[in-house]
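Some notes on the structure that comes next.
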Amino acid sequence: QVQLVESGGGLVQPGGSLRLSCAASGSIFSITVMGWYRQAPGKQRELVATITSGGSTNYADSVKGRFTISRDNAKNTVYLQMNGLKPEDTAAYYCKTYARTIGNMSLRDYWGQGTQVTVSS
């Protein structure tokens with residue numbers, strides 16, 4: 001069992017910045033990919049950014065140049081620095097990780113509960 005705790009969401013004005021954090025805990029054996037997804041009302045959940053254990057990153061075209069994903073492997077934590085926020089960035093942001101646990105070595109995905117980001121004037 002892996003638990004993901006997200007934090008850092010809130011209300012910001014257009015052009016503002018937020019930094020999201022997601023800390024993984026539990027009987028973790030290893031974590032491979034960590035990432036962020038978002039879902040706006042009435043829309044499908046979409047990939048925002050991912051980062052591998054080796055530091056390779058991928059971003060959705062809509063956030064390239066504005067968002068930066070990073071991770072602290074020692075803390076099992078992934079971050080999403082969001083700059084130049086736009087109203088269309090408004091969504092619930094979800095942390096996701098692929099991991100193996102002690103007692104169950106099968107690789108599977110785990111999701112956080114989400115943190116709300118609202119960009120509005």
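The values are calculated or read from the model by the stated rules, or taken from the named source; none is laboratory data. Predicted model, so just to flag it, every value in this text is computed and none were measured. Quick reminder, even Gly has a Cβ in these numbers, built from the backbone with ideal geometry, and neighbours come from all protein chains shown. The area values use the complete protein model at the heavy-atom level, side chains included, leaving out ligands, DNA and RNA. Shrake-Rupley method; radii C 1.70, N 1.55, O 1.52, S 1.80 Å.
Given the Cα-Cα distance of GLN1 and ILE102 and 0.36 nm per residue of separation, how much length would full extension add, in nm?
Fully extending the segment from GLN1 to ILE102 adds 35.5 nm.
Residues of the range 79-121: accessible area per residue at 1.4 Å, in Å²?
Roughly 49 Å² per residue, with all protein chains present.
How long is the range 50-92 along each principal axis, judged by its Cα atoms, biggest number first, in Å?
Over the range 50-92, Cα extents along the principal axes are 34, 18, 16 Å.
Return the sequence-ordered ³J(HN,Hα) values of the range 9-20 in whole Hz as given by the Karplus equation 6.51 cos²θ - 1.76 cosθ + 1.60 applied to θ = phi - 60°, using x for Gly and Pro.
For the range 9-20, the Karplus-derived couplings read x, x, 9, 9, 7, x, x, x, 10, 9, 10, 8 Hz, x marking Gly and Pro.
Pop out the carbon and sulfur fraction of the accessible area of the chain as a percent, whole number, probe 1.4 Å.
Accessible surface attributable to carbon and sulfur in the chain totals 47 percent.
If the chain between LYS43 and PHE29 were fully stretched, how many nm would it gain, using 0.36 nm times the residue separation less the Cα-Cα distance?
Full extension from LYS43 to PHE29 adds 1.6 nm.
What span do the alpha-carbon atoms of the chain cover on each of the three principal axes, reported in whole Å from largest to smallest?
Extents along the principal axes: 49, 26, 22 Å.
Note down the nm distance, to one decimal, between modelled labels 7 Å out along Cα→Cβ at LEU11 and at SER62.
Placing both labels 7 Å beyond Cα along the Cβ direction yields 2.2 nm.
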